[in-house]
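The values are calculated or read from the model by the stated rules, or taken from the named source; none is laboratory data. From a predicted model like this one, the values you see are computed outputs, not experimental measurements. When we count neighbours, we look across all protein chains shown, and the Cβ atoms used for this are built from the backbone with ideal geometry, even at glycine. The accessibility values were calculated without ligands, DNA or RNA, using every heavy atom of the protein model including side chains. Shrake-Rupley method; radii C 1.70, N 1.55, O 1.52, S 1.80 Å.
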Amino acid sequence: MIAVLSGGTGTPKLLRGLRRHLDDADLAVVVNTGEDCWVSGGHLSPDVDTVLYLCGGLLDEQTWWGIAGDTFACHEALRSLGEEEVVRIGDRDRAVQLLRGELLRRGRTLTEATEALAGRLGAGVRVLPMADEQYATHVLVDGGRLHFQEWWVRHRGAVPPRGLAWEPATPPPATPAVLGALRKADAVVIGPSNPVTSIGPILACGGVREALGDAFVIAVSPFIGDEPISGPAGALMAVQGLEPGSRGVHALYSDFCDVFVQDVRDPVEIPGAVRADTLMTDAAKSEALAEVVLDLARR
C-alpha cells in the first residue's frame with residue numbers, strides 16, 4: 001500500500017498517474033485541511049474535495065478545482081443579493097459542502113464525513129483528512145491576517161505576505177486513521193504540493209513526523225529553480241525564512257526523507273536526488289512520473 005501526502009493541485013496530478021498503476025484499494029491519501037472554512041452554511045474543504053472528485057471521476061482537470069461542467073446559479077444569486085463569497089462555488093460542489101456541513105453539525109467527525117462522501121461520490125481511494133480538529137492557515141499581512149482562502153482566492157495573492165500563522169497555535173493530533181495508514185504503508189509519497197501551506201500543516205499534526213521517521217519516504221519537489229511549478233510556494237517559503245527552491249524543500253523534509261525527486265530542468269543540485277520530468281501537463285506525464293516514484297518504492 002502506498003500512502004500519499006497531498007495538497008490541492010500538484011499532488012492530485014501525481015495521484016492521477018498513480019491510479020493508472022495501482023488499484024484504488026492500494027492507495028491512501030492524507031490530505032491537508034488547513035485551507036478549510038465555512039462558506040454560506042457549507043463546509044469548504046478544497047484539498048479533500050479535489051482528491052474526492054478526482055477519484056470519483058468528477059474533477060474539472062482544467063482548473064483542478066471543483067466539478068467538471070458545474071453551474072454557478074446559486075453563487076450568482078447570492079451575489080445579486082449582495083453576498084460576496086470568499087470563493088466561487090459551483091452548484092454541485094456546493095451540495096457536497098452543504099452535506100459535509102450537515103454531517104459535521106450532526107456530530108460526525110471530518111474523517112467520518114469524508115468517508116461518507118467518498119462512498120456517495122464513488123471514490124475508491126481512502127481519503128483521510130489530516131486531523132478532525134481545525135488547524136487553519138492564515139497569511140500575515142500589514143495590519144492583520146487573512147485566512148488562506150481570503151488571501152489566495154479572493155485577493156489572488158496580491159496582498160504582500162509578511163508571514164504565516166495557524167489557528168489554534170497548537171497543532172491538533174493526526175487522526176488514528178492517518179497514523180495507521182502511514183505506519184502500514186510500504187512507502188509514503190510526499191507530492192509536489194506547497195511545502196509550507198499544503199504539506200506543512202500535515203507534518204505539524206501530532207504523530208506524523210514520528211510515523212514518517214519509521215517509513216520509507218519519497219518526496220517530489222514542486223520547484224524548478226526558484227519558481228514553483230504552480231501556486232504561491234516561493235513567496236510563502238521566503239517570508240518564513242526558507243530558501244524558495246528545491247534546496248529549501250529538501251531541508252524541510254531532510255529528517256525523514258529517504259529519496260528526493262527533482263525535475264530534470266532544475267538547476268539546483270541536491271546530492272543524491274533522483275531526476276525526473278515533474279511537469280505533469282497531461283495524464284501520460286502523470287503516469288510516467290508515477291512510474292518513476294513506484295520504481296523507487298519497489299527498490
Considering residues of the stretch 58-102 that are open to solvent by 50 Å² or more (accessible area, probe 1.4 Å) and β-branched (Val, Ile, Thr) only, the residue nearest to Arg156 (Cα to Cα): Thr63
Tabulated pairs, the stretch 262-279, first touching a residue at least 60 places away in the same chain (Cβ under 8 Å) and under 19 Å from Ala297 (Cα atoms), second among the aliphatic types (A, V, I, L, M) and loosely packed, with under 15 Cβ neighbours inside 10 Å, C-beta under 7 angstrom, 6+ apart or interchain: none
Could you grab the pairs with beta carbons closer than 8 Å, sequence gap of 6+ or different chains, first residue in the stretch 167-191 and closer than 15 Å to Pro201 by Cβ, second one open to solvent by 80 Å² or more (accessible area, probe 1.4 Å)? Glu167/Gln134; Pro168/Gln134; Pro172/Glu133; Pro172/Gln134; Pro173/Glu133
Which condition breaks for His75 when tested against (1) touching a strand residue (DSSP E or B) at 6+ places or on another chain (Cβ under 8 Å); (2) assigned to a helix (DSSP H, G or I)? (1)
Looking at this structure, is Asp132 in contact with a helix residue (DSSP H, G or I) (Cβ under 7 Å, 6 or more places away or on another chain), farther than 30 Å from Leu22 by Cβ and modelled with pLDDT of 95 or more? no
Could you check the stretch 1-52 for strands (runs of 3 or more DSSP E) lying wholly inside it with 1 or more residues that are open to solvent by 10 Å² or more (accessible area, probe 1.4 Å) and at negative phi? 2-6, 37-39, 42-44
Selection within the stretch 248-261 - surrounded by 17 or more Cβ atoms within 10 Å (Cβ to Cβ) and out of contact with any helix residue (DSSP H, G or I) (no Cβ under 9 Å at 6 or more places or on another chain): His250
Among (1) over 18 Å from Ser6 (Cβ atoms); (2) among the small types (Gly, Ala, Ser); (3) touching a helix residue (DSSP H, G or I) at 6+ places or on another chain (Cβ under 9 Å); (4) open to solvent by 20 Å² or more (accessible area, probe 1.4 Å), where does Gly143 come up short? (3)
Failed condition for Arg105, given (1) among the charged types (D, E, K, R); (2) under 27 Å from Asp282 (Cβ atoms); (3) open to solvent by 50 Å² or more (accessible area, probe 1.4 Å): (2)
Filter result for Gly124 (at pLDDT 95 or above and surrounded by fewer than 17 Cβ atoms within 10 Å (Cβ to Cβ)): yes
